[in-house]
1. Give me the helices (runs of 4 or more DSSP H) completely within region 311-417, filtered to those with at least 2 residues that are more than 20 Å from Arg27 (Cα to Cα) and not assigned by TED's automatic domain parsing to the domain that holds Asn235, ordered by residue number.
2. Output the number of residues of region 51-64 satisfying the condition of being assigned to a loop (DSSP other than H, G, I, E, B) and under 15 Å from Ser34 (Cβ atoms).
3. Please pick out the residue among Ala276, Ala281, Ala268, Ala292 that is crowded, with 24+ Cβ neighbours inside 10 Å and either small (Gly, Ala, Ser) or part of a loop (DSSP other than H, G, I, E, B) (or both).
4. Go through region 1-34 and count every residue that is assigned to a loop (DSSP other than H, G, I, E, B) and either modelled with pLDDT of 95 or more or closer than 30 Å to Arg215 by Cβ (or both).
5. Residue check, Ile121 against (1) in contact (Cβ under 8 Å) with a residue 24 or more places away in the chain; (2) closer than 24 Å to Val204 by Cβ; (3) over 25 Å from the mean Cα position of the chain (by Cα), all met but one. Which one?
6. Restricting region 183-208 to residues that are of a type in the set (Gly, Ala, Ser) and free of Cβ contacts under 8 Å to residues at least 60 places away in the same chain, which is nearest to Ala245 (Cα to Cα)?
7. Taking region 365-383 as the search range and keeping residues that are within 28 Å of Ile176 (Cα to Cα) and in contact with a helix residue (DSSP H, G or I) (Cβ under 9 Å, 6 or more places away or on another chain), which one is surrounded by the fewest Cβ atoms within 10 Å (Cβ to Cβ)?
8. Would you pick out the residues in region 394-404 that are within 29 Å of Arg226 (Cα to Cα) and either out of contact with any Pro (no Cβ under 6 Å at 6 or more places or on another chain) or surrounded by fewer than 17 Cβ atoms within 10 Å (Cβ to Cβ) (or both)?
Amino acid sequence: MSPDQRPVILGYDAVSPLGVEWEDQWRRAVKGESGIGPLTRFPLREGFPVRVAGQVDDFDETPYPFLKPREMAHWTSPIFRHALLVVHRALRRAGLPITPEEAPRVAVTFSTAVGGLDAVIAADRLLVSEGRLPHPFTNANSCVNMVGGKVSILTGATGPICSPITACATGSSSLILGAMFLRQGMADAAICGAVDFSLVEPIVAGFATMNGAYRPKEGRPEEDPRAVSRPFSRNRRGFVISEGAGCFILATKAFARAHGIPWRIEVAGWGMTSDAYHFVAPKRETIRRCMAEAVEHAGIAPGDVDAVNAHAASTRVGDRVEAEALGDLFGDRIPPVSANKSQIGHAMGASSAIEALLGIEGMLRDTVLPTINYDPDPEIVLDCVSGEARRREQEFLLKNAFGFGGCNACIVFRRVE
């Protein structure tokens, strides 16, 4: 892809277990703090296997008329509140009002992996326990593409709209799809990103029974929640389920210039592959190929990549396979690697969006964030940034995201002066 064709990022925003204001999240991330704590989204039954989570704090909705109780009365799932907030703030940061003239050329690819299943579960429990029929908006809350629809309604964007769902890679897939719309000439700008709220009882329990979610060893005391998300570590025991949202405002360079909006980050290249292998276990070769295609699409060599923002969910197999694939691509010169899930947990489809934003912020600030709780696994050979943030200039950053079903999405970002 030629430099003139590369889409650019005009603005972004996120909410995560590290906070609801972007500067607070960045400050805590650089300090190596954890957003993981006790799970409080629902009462914990005796013996419930999962007791820790990454949760987004409540925030003052007063400055945002579209989040007032009357406006949100029917939209009970937190995915809508979080999505609309980050989209609104990202557009504001970009300095981009969407006028009626521009609206037909603004695409929406904002999506979710899990959606508002919490609304359906709540309705089901009322139906079983009290015989009460569901609220009329129950199905609307659970409809996965409704998040994109609500974003379109909020912003007035009337260009192409699509909700890509690639499990844990959804945020990255949303950005790639938005970039494709721009490259195909179907839009001049795109609202991309993802949101998820998976902290509902049966979903959390399901992740535990499939041995994906963290839980302490039987007979061992509970650990400090801040220490249990530990990617690439010898004592990793699965991911910590979390919630959050991240949004990018993407545009062509011509659109940005016409509106006098500066940019410093390009979406330089991307790759997408399918493992065609296993419903949760990753495949080394197709992951390597996804990364290689992203690097090639960016028009660079592997040695040009300055840092890697890893998927690294803290699973036994997943972390090892990602590290092996990195070795296959980079040889013995793997760039410094950062695993943000150590601090924010695994926000499902939103995770890759939030992590990409942390990586981009690091590019702008010459910083690679630390992987906290890191205890090196002798079977995993890489330069995992740990202990404290590392100062490093980065022109090119590789972001990895791998989802259930073998959905792989890798992106190369480029910083420009």
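The values are calculated or read from the model by the stated rules, or taken from the named source; none is laboratory data. The shown structure was predicted, so the numbers you read here are calculated from the model rather than taken from an experiment. Please note: Cβ atoms are built from the backbone with ideal geometry, for glycine as well, and neighbour counts cover all protein chains shown.
1. Of the helices (runs of 4 or more DSSP H) lying wholly inside region 311-417, those with at least 2 residues that are more than 20 Å from Arg27 (Cα to Cα) and not assigned by TED's automatic domain parsing to the domain that holds Asn235 span 316-330.
2. 3
3. The unique qualifying residue is Ala268.
4. Number satisfying all stated conditions: 9.
5. Answer for Ile121: the failing condition is (3).
6. That would be Gly206.
7. So in region 365-383, the residues within 28 Å of Ile176 (Cα to Cα) come out as 365-371, 382-383.
Keeping just the survivors that are in contact with a helix residue (DSSP H, G or I) (Cβ under 9 Å, 6 or more places away or on another chain) gives 365, 367-371, 382.
Numbers: Arg365: 14, Thr367: 23, Val368: 25, Leu369: 26, Pro370: 24, Thr371: 25, Leu382: 21.
Result: Arg365.
8. Passing the criteria: Gln394, Leu397, Leu398, Lys399, Asn400, Ala401, Gly403, Phe404.
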